[in-house]
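Notes for the one structure printed next.
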Amino acid sequence: MIDHTLYTLSMLTAIALLAYVVLWSGLQTFNANPSKRFMRIWPKLALYYAAYTMPIWALLLIIDRAQNVTSVVAQLPLSLVLIALVAMGLYFYTVIVQPNRLRIHRQTVDIDLKTSLNVAVLADLRIGLYSGKPRHIRKLVATINELSVDAVLITGDWLYYPGADLVGQLMLFKGINKPVYTVMSISDLRYQSMNTTKQGQPLLEDTLACAFDVLDITYIGQQCRLLPPIATSLTKNITPSAQPKSSNLTPQVAMLCGWQDMPSSYKGNSQQVDGKQSGKNPVAKTSQLPKPTQNDAIDSDITMVANKAELCTEIEESVLPVVILASRFDSITDLPKALKPRPLLIAAAAKSAKSSEKLSNLPKPQRANNGASIKSTIFSYAGFNNTRGLYQHASAQVFVSSGIGTRGLPFRLRRPTIDVLTIR
């Protein structure tokens, strides 16, 4: 009688768990950005939500094994049962626990600044399917607010199948009490350009550029700005007594430049160039910009450039040491050579986009012969091994941040990291 009761409860619990994973994943798929096919999102969400059921599956396995509830489980070798329990525990840990174990990594970089500058670097936020839950963002914002830094730099890769209410999903970032600067990655720009139906209507209520305006996040794609910022009185959510001392007392000691890579299929280039008339977010239309960003007097520390050649010229002619914010470390191949002092390039540990972009411009007969050589050149050129850390190169010093979010399969092996750089 006891075995029968346990068997019934075990089967009902197993069916309920499977129904939860299948139905809840399907429901959440409809809430994700529908710019991709249903079957590309649903299996990923099923794997993600299955992690929440791992403790219950482990408990059922232990009970079935101990009480001989089912003959199949009773006949399994003990070693196989232990392996299954360890696998369930590891999967639960890497999917649910590890993404919440935010840590701080500190690094010192020398680029001959007159006064040291502290910045917090965030990479690969991946707001969407797995990352960017309210509990994740609250902890991230609270940790940033406790740091004594002059600015927060975000290297792009903001999105990974986000929900339709993008501004609402990102609204917690408005609580950051320090100046925030960001660039968009190629995937962010592609995401914005594909975010329309065949009738030209947006699939989402808001775009990423609109979100930046609402959240007071400064988009610096192909812009150069002075650090610390001149308009410290405009720093959001900060009273004069709570502002970092360096923001009030330290003169501008470095030039921050955004390095914006454009995908060949991106249709928003005209908006990017038209944005030169505005001071803050060149992707957004001028009418959408807050009034302070359209004031030349307030934004006197901004230099707008139209293309990469002008940006290189601006970097070469800068009288201050230069910090470059980019979404990919392979941007090093486009920088001017033999700069003194060498600039600091801050980027994320992302796969190289250069090989695919260059191959797409070659005729088909040449792609097979040139693919391997282009890829090897990109990675061996600066000695990168795609891991976090500081690299030395003839054109620049490169700091690669390990990132925070999750993409692809839902588990994360490395702890999400905020890199705090002391630039001196």
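Would you grab the residues whose amide H sits under 5 Å from the one on residue 222? Only those 5+ places off in sequence or on another chain, please, with H modelled 1.01 Å from N. Correct list: 258, 259, 260. Remark: the range 151-166, residue by residue, has Karplus-estimated 3J(HN,Hα) of 7, 10, 10, 10, 8, x, 6, 6, 10, 8, 6, x, x, 5, 8, 5 Hz, where x stands for each Gly or Pro and the curve is 6.51 cos²θ - 1.76 cosθ + 1.60 at θ = phi - 60°. For residue 391, nonlocal amide neighbours, meaning residues 5 or more places apart or on other chains whose placed amide H falls under 5 Å from its own, are 398, 399, 400. Among 172-184, 139-151, sorting by the average number of other beta carbon atoms lying within 10 angstrom of each residue, highest first, gives 172-184, 139-151.
Put simply, the convex hull of the Cα atoms in the range 12-143 casts, on average, a shadow of 12.7 nm². Using the empirical formula 2.2 N^0.38 Å as the baseline, the Cα radius of gyration of the range 1-90 reaches a ratio of 1.32.
All of the numbers you see were taken from the coordinates with simple rules; none came from a lab. Bear in mind the structure is a predicted one, so any value in this text is a computation, not a measurement. In this analysis, Cβ positions are derived from the backbone assuming ideal geometry, glycine residues included, and neighbour counts consider all displayed protein chains.
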